[in-house]
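The values are calculated or read from the model by the stated rules, or taken from the named source; none is laboratory data. This structure is a prediction, so every number in the text was calculated from the model and none was measured. Reconstructed Cβ throughout: ideal geometry from the backbone, glycine too, with neighbour counts over all protein chains shown.
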Amino acid sequence: MPPSAADTLPRLDTATAISNLGGDRELYAQVTQIFLDDVAVQLVSLDAALAAGDFVTARRAAHTVKGTAASLGCERLRHYALIMEKACEAADPAAIATADPAFRAEIEASTAVLREYLAGA
């Protein structure tokens with residue numbers, strides 16, 4: 001799916017995510033908080049790895065974001081993290097540079113929506 005088509009994906013599908021967690025809203029809130037606390041660490045790891053040319057560690061950071069995004073129902077973020085993960089796996093600086101802005105913008109948008117969710121939960 002090209003990046004522009006990702007706009008049709010839900011930014012946050014809590015109903016499906018909570019259903020996938022056996023309907024446990026408290027667990028969903030806990031996983032959400034862990035993600036919100038950890039995502040900055042993943043970005044620091046990604047940035048350090050990319051600066052060092054360590055594409056394996058960079059891929060791992062993008063993969064971690066992707067997996068948690070999928071668990072939380074953040075489908076757009078999962079999509080952009082997958083693009084970043086593949087670019088890192090290919091060790092392709094041009095693809096990484098192309099993927100990075102959308103990946104980071106979606107992290108910002110998704111974390112804002114997740115914070116709003118927790119505030120209302």
- request: Taking residue 14 as meeting all but one of (1) surrounded by fewer than 17 Cβ atoms within 10 Å (Cβ to Cβ); (2) touching a residue at least 60 places away in the same chain (Cβ under 8 Å), write down the number of the exception.
  value: (1)
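Looking only at residues in the stretch 51-76 that are in contact (Cβ under 8 Å) with a residue 40 or more places away in the chain and part of a helix (DSSP H, G or I), which one is farthest from residue 118 (Cα to Cα)?
Step one: list which residues in the stretch 51-76 are in contact (Cβ under 8 Å) with a residue 40 or more places away in the chain, which gives 62, 65, 69, 71-76.
Those left that are additionally part of a helix (DSSP H, G or I): 62, 65, 69, 71-72, 75-76.
Numbers: 62: 24, 65: 19, 69: 15, 71: 16, 72: 12, 75: 18, 76: 19 Å.
Of everything passing the filter in the stretch 51-76, 62 is farthest from residue 118 (Cα to Cα).
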- prompt: For residues in the stretch 106-121 being without any contact (Cβ under 8 Å) to a residue 24 or more places away in the chain and under 13 Å from the mean Cα position of the chain (by Cα), which is farthest from residue 63 (Cα to Cα)?
  reply: 112
- prompt: Does the stretch 34-47 include one or more residues that are free of Cβ contacts under 8 Å to residues at least 60 places away in the same chain, polar (S, T, N, Q) and over 21 Å from residue 5 (Cα atoms)?
  reply: yes
message: Based on this model, can you work out whether residue 27 counts as of a type outside the set (D, E, K, R) and not in a helix (DSSP H, G or I)?
response: no
- prompt: Any chance the stretch 44-58 includes a residue that's buried (at least 20 other Cβ atoms within 10 Å of the Cβ), over 22 Å from residue 109 (Cβ atoms) and either modelled with pLDDT under 95 or charged (D, E, K, R) (or both)?
  reply: no
- line: Selection over the stretch 51-94 where residues are under 16 Å from the mean Cα position of the chain (by Cα), among the hydrophobic types (A, V, I, L, M, F, W, C) and more than 26 Å from residue 28 (Cα to Cα) yields a count of 3
- prompt: Considering the stretch 79-115 alone, what residues qualify as being under 14 Å from residue 66 (Cα atoms), surrounded by fewer than 22 Cβ atoms within 10 Å (Cβ to Cβ) and of a type in the set (Ser, Thr, Tyr)?
  reply: 111
